[in-house]
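Okay, so here's the structure we're looking at.
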Amino acid sequence: MKLTVTHTLTFSLGTPVRAVQHLLLTPLNTPQQRVERWSIAMPGFSEAPTFRDGFGNRAHVVSQTRPEPQIVVTVSGSVESTDKAGVLGRLEYDPMPALFRRQTARTKPDPALIHGLADGPDRIALLHELMGRVSARLEQSQSQDGQSQTQATDLSPADAAHAFIGAARALGIPARYVTGYLLDDAGEASIHAWAEAWDERLGWIGFDATCNLCPADAHIRLASGLDAIGTMPIRSAPVWTAMPVETVEIIAE
C-alpha cells in the first residue's frame, strides 16, 4: 500500500538567541516499508548535519541563530508499505539486541503483566500473550475514563508500548520502543508508538499493544530506542514554551 504523509508541527520557543532541534523524522527502508520520497522543511534545515545515532536511526541536528518565536516543521513524503506480520528482521546499523534488555525509568515492569509467564522455546506465542495482556489492561483503563482511578497500573495509550517493553525485558527478552505514523481503520492519522521484541530466528518483530496487533501496512516506522525519551520525533533546546500543535494527514492508495 502506498501511504502519502503530510505532518506539520508548530511550536514556540519564546525569544532565544540560539536554538537547536534534534530530529528523528526520517524513515528508513525496511522489509516492511520502502521510502519513495521524503522531505523536511523548517528554518535552518538545509544546513543541518545528518548522521546515524547509536540506535541506527537517521537523525538531523538543526541550529538557528536568533530564530523566529514560532517555528513550523513540515514533513512530507510517500512510503510503499507491505504487511509482513510485524517481522522486521535485522536492520543495517542495528546495535546488539542485548542493549535492549536494560530497563529505564519509563519501562519498569508491572508484575501482574508477567505473572505466570516465562520465556521458552515458543517466544512468539509468549509475546502475543503479553501483547494481549497489555491491550486488555489498556481497554480496562479506557473504560474507566472519567471515573476515579487510584491504581498505579492504569494505562493510557501512550503507556502501552512502555508496559510491553518493561514486561518483555523483565522476562529477559530484548525489546525496544518505536515511533512512527499510523493510519487507523477510521482513516485518522497520527504520530504513534509501538514496541519491537527480539527473536533469535526471526529478528525484530513489532507488537502494537494499543491496537492489539503486529504492525502492518498502515504503520510507518520512524525511529527506535530504549523508551519514548530517546525516540522523540523532535527535541528542542531550549524547550518549547507551549505544547506544540500537530496535524498529521496520511492518504492511502
**OP:** Return the long-range amide H neighbours of Asp110 (sequence gap of 5 or more, or a different chain), with a cut-off of under 5 Å between placed amide H atoms.
**Re:** Ala167
Subject >> Estimated FRET transfer efficiency (Arg201, Ala118; beta-carbon r; R0 25 Å; 0.05) >> reply: 0.85
**OP:** Starting from the stretch 160-253, pick out the trypsin sites (Lys or Arg not before Pro) whose DSSP state is loop and whose Cβ has at most 13 other Cβ atoms within 10 Å.
**Re:** Arg201
Original post:
Among Ala59, Ala158, Ala223, whose mean-square fluctuation peaks in a Gaussian network model of the chain (Cα, cutoff 10 Å)?
Top reply: Ala158
**OP:** Rounded, prolate or oblate: pick one for the chain, where a ≥ b ≥ c are the square roots of the eigenvalues of its C-alpha gyration tensor, a/c under 1.5 means rounded, and failing that, prolate if a/b is larger than b/c, else oblate.
**Re:** prolate
Original post:
GNM, the chain, Cα, under 10 Å: largest mean-square fluctuation among Leu25, Leu226, Leu126?
Top reply: Leu126
Original post:
Which whole-number percentage describes the relative contact order of the stretch 102-253, with Cα contacts under 8 Å and a sequence gap of 6 or more?
Top reply: 24 percent
Subject >> Cα gyration tensor shape for the stretch 60-100, rounded if a/c is under 1.5, else prolate or oblate >> reply: oblate
Subject >> Shape of the stretch 178-253, Cα gyration tensor, a/c cut at 1.5 >> reply: oblate
Subject >> Max mean-square fluctuation residue, GNM over the chain, Cα-Cα springs under 10 Å, options Trp240, Trp204, Trp194 >> reply: Trp240
**OP:** Give a residue-ordered list of calculated ³J(HN,Hα) values for the stretch 188-202 (Karplus: 6.51 cos²θ - 1.76 cosθ + 1.60, θ = phi - 60°; whole Hz; x for Gly, Pro).
**Re:** 8, 10, 7, 5, 9, 9, 8, 10, 10, 10, 9, 10, 4, 7, 9
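The numbers here are math on the coordinates, done by the rules we state, and not lab data. These figures come from a predicted structure and were not determined experimentally. Cβ sites come from the backbone with ideal geometry, for glycine too, and all protein chains shown count toward neighbours.
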